[in-house]
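*Asks:* Quick one: the structure is below, questions incoming.
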Amino acid sequence: MNFRTEYMQDLMSRVEKNHPAQPEFHQAVREVLLCMEPVAQNHPEYIKAGIFERIVEPERVIIFRVSWVDDQGKVQVNRGYRVQFNSAIGPYKGGLRFHPSVNLGVIKFLGFEQIFKNSLTSLPMGGGKGGSDFDPKGKSDNEIMRFCQSFMTELAKHIGADTDVPAGDIGVGAREIGFMFGQYKRLKNEFTGVLTGKGLNYGGSLVRTQATGYGCCYFTDEMLATRGESFVGKDVVISGSGNVAIYAAEKAMQLGGKVVALSDSNGYIHDPEGIDLNAVKQLKEVERKRIKEYVTTHPTATYHEGCNGIWTIPCQIALPCATQNELDKEAALTLVKNGVIAVAEGANMPSTPEAVDVFLDNKVLFAPGKAANAGGVATSGLEMSQNSMRYSWSFEEVDEKLKGIMKHIHNNARAAAEKYGDAENYVLGANIAGFLKVADAMYMQGVAY
């Protein structure tokens with residue numbers, strides 16, 4: 001899809017020039033700016049105030065060295081990042097990713113997406129993201145602790161409960177959050193809600209582990225309801241087997257669906273009788289083994305090398321929950337041919353632009369990640385609220401609030417899409433609904449010289 005206005009085309013060209021060799025960031029910005037063309041026509045005051053130019057430029061980018069000592073006594077050096085993208089509606093909020101693929105472009109893309117995702121939740125949170133090219137896989141607990149302490153020693157200078165509140169992401173779970181929180185507490189001599197995703201016994205929130213997967217299914221269920229459909233009786237294919245995928249599978253099953261496939265970075269399993277989720281949890285959460293081990297105890301299941309093949313399995317609902325750009329045009333065409341009616345992104349930008357076009361052109365209900373996977377950060381926002389109150393809600397209370405937030409996101413995105421001429425285009429609706437709240441706040445706060 002091409003830009004229709006010279007203004008947006010020029011702005012996109014400047015983004016590509018000013019942020020070279022960052023394809024993921026360019027992809028995320030292009031998607032948003034394509035949706036902003038009718039908004040710019042309706043709001044010339046945003047152009048005059050430079051809102052579009054300002055929102056694609058991070059407020060602050062922090063890059064730092066992380067030195068730590070491995071178990072053999074050798075000094076290792078990694079690179080740390082924190083991109084504080086936009087604070088117009090609240091403190092920066094977004095996860096930390098520890099993975100070898102992390103670079104500045106990836107963190108910018110994630111931070112930019114986070115602006116709109118956080119806005120959609122209706123909670124007062126700005127957008128940010130961070131991480132490191134450190135790989136926790138194969139490291140001992142002590143090595144991970146030493147890395148996390150070194151990472152937080154620098155990061156602590158730039159964050160705070162009312163400034164920037166990081167959370168977990170790929171490679172950053174309860175263990176890593178605990179190590180970083182402990183280091184922050186030692187450095188600052190204060191016990192504060194500076195991180196979310198904490199353990200339940202020191203300020204964490206119930207449902208946080210399940211939130212992204214549950215929220216993705218709640219959004220999908222709202223989409224399906226607009227066509228008189230539901231999860232009941234539907235075959236569901238879910239990529240990934242981390243927290244998001246596992247709890248998307250759990251909620252899909254609770255809503256009446258049958259999950260027939262899951263994957264990891266090596267390959268995927270297909271069980272036409274329905275995935276035994278307890279077995280998957282044991283493998284991935286307890287034993288930390290590869291997904292292929294599932295077939296050794298489940299004779300109806302088969303394992304296939306290469307994770308992309310998962311999209312060849314016929315299904316009515318597809319939930320890509322692994323990583324960015326995992327679902328391409330060919331996979332999208334295959335899903336459509338095999339009868340898919342709804343696709344919701346549990347991961348961040350897992351569908352390529354060409355795949356998204358295939359879904360929209362074929363009237364498949366498609367939920368972009370900034371809307372469908374906002375449940376995680378929404379529950380992080382609820383954790384921040386509980387920390388401020390020095391109080392905690394029950395599982396049922398948090399889950400009900402999460403469900404309400406996802407319904408609100410769906411309704412707002414659909415209303416915005418309808419206002420701008422395409423009621424079932426959730427990409428258009430989510431981007432516009434998320435943008436307008438932030439843009440109005442930026443406009444009212446003036447220009448900081």
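*Asks:* If we count other beta carbons within 10 Å of each Cβ, what is the order of SER205, SER385, fewest first?
*Replies:* On the way: SER205 24, SER385 16.
So the ranking, lowest neighbour count to highest, is SER385, SER205.
*Asks:* Obtain the nm distance between the two label points defined at ARG65 and GLU16 by a simple spin-label model: each point lies 7 Å from its Cα along the Cα-to-C-beta direction.
*Replies:* Between ARG65 and GLU16, the label points sit 3.6 nm apart.
*Asks:* Also, I was wondering about something else. Mind sorting GLU45, GLU293 by how few other Cβ atoms lie within 10 Å of their own Cβ, fewest first?
*Replies:* Values: GLU45 10, GLU293 17.
Listing GLU45, GLU293 from fewest to most nearby Cβ atoms yields GLU45, GLU293.
*Asks:* Could you identify which residue out of GLU176, GLU31, GLU396 has the top mean-square fluctuation in a GNM of the chain using Cα springs shorter than 10 Å?
*Replies:* Sorting by GNM fluctuation, first place goes to GLU396.
*Asks:* Using the structure shown, select from LYS370/LYS437; LYS17/LYS437; LYS139/LYS281 the pairs with a Cα to Cα distance greater than 26 angstrom.
*Replies:* Long pairs (Cα-Cα over 26 Å): LYS17/LYS437.
*Asks:* Which of ASP133, ASP361, ASP328 ends up with the largest GNM mean-square fluctuation for the chain, with Cα atoms connected below 10 Å?
*Replies:* Greatest mean-square fluctuation among the candidates belongs to ASP361.
*Asks:* Another question, then. Once you order the gyration tensor axes a ≥ b ≥ c over the Cα atoms, which shape class does segment 6-56 get: rounded for a/c under 1.5, otherwise prolate or oblate by comparing a/b with b/c?
*Replies:* Numbers: a/c = 2.36, a/b = 1.81, b/c = 1.30.
Prolate, because a/c is 1.5 or more and a/b exceeds b/c.
*Asks:* Once the Cβ-Cβ distance between VAL447 and ARG227 is put in as r, and R0 is 45 Å, what FRET efficiency do you end up with, to the nearest 0.05? Display every interim value, and only then the final one.
*Replies:* Values: r = 44 Å, r/R0 = 0.98.
Once rounded, the FRET efficiency stands at 0.50.
*Asks:* Ok, one more. For segment 179-244, report the translational diffusion coefficient in µm²/s to the nearest whole number, using Stokes-Einstein at 4 °C, 1.567 mPa s, and a Kirkwood Rh over Cα pairs.
*Replies:* Estimated via Stokes-Einstein, D reaches 86 µm²/s.
*Asks:* Of all beta bridges DSSP finds with both residues in the chain, what is the antiparallel percent, to the nearest 5? Provide the component values of the computation, followed by the final result.
*Replies:* Numbers: 25 of 47 bridges.
Roughly 55 percent of the DSSP beta bridges within the chain come out antiparallel.
*Asks:* Go ahead and collect, in residue order, the members of segment 435-449 whose backbone nitrogen is under 11 Å from a label point 7 Å along the Cα-Cβ direction of ASN42.
*Replies:* So the set is 436.
*Asks:* Quick check on packing: order 9-17, 418-426, 51-59 by the mean number of other C-beta atoms within 10 Å, highest mean leading.
*Replies:* Highest to lowest by the protection proxy: 51-59, 418-426, 9-17.
*Asks:* Using just the C-alpha positions of segment 211-367 as equal point scatterers, what log10 of I(q)/I(0) does the Debye formula give at each q in 0.09, 0.12, 0.14 1/Å?
*Replies:* So the normalised log intensities are -0.24, -0.43, -0.59.
*Asks:* Can you put TRP311, TRP68 in order of Cβ neighbours within 10 angstrom, beginning with the fewest?
*Replies:* Starting with the residue having the fewest Cβ neighbours, the order is TRP68, TRP311.
*Asks:* Please get the size of the charge dipole for segment 207-293, origin at its Cα centre, with Cβ charges of +1 on Lys and Arg and -1 on Asp and Glu, quoted in debye to the nearest 20.
*Replies:* 240
Every number in this text was worked out from the coordinates using simple rules, so none of it is lab data. Computed from a prediction, not measured in an experiment: that's the story for all the values here. Cβ: placed from backbone, ideal geometry, glycine included. Neighbour counts: every protein chain shown.
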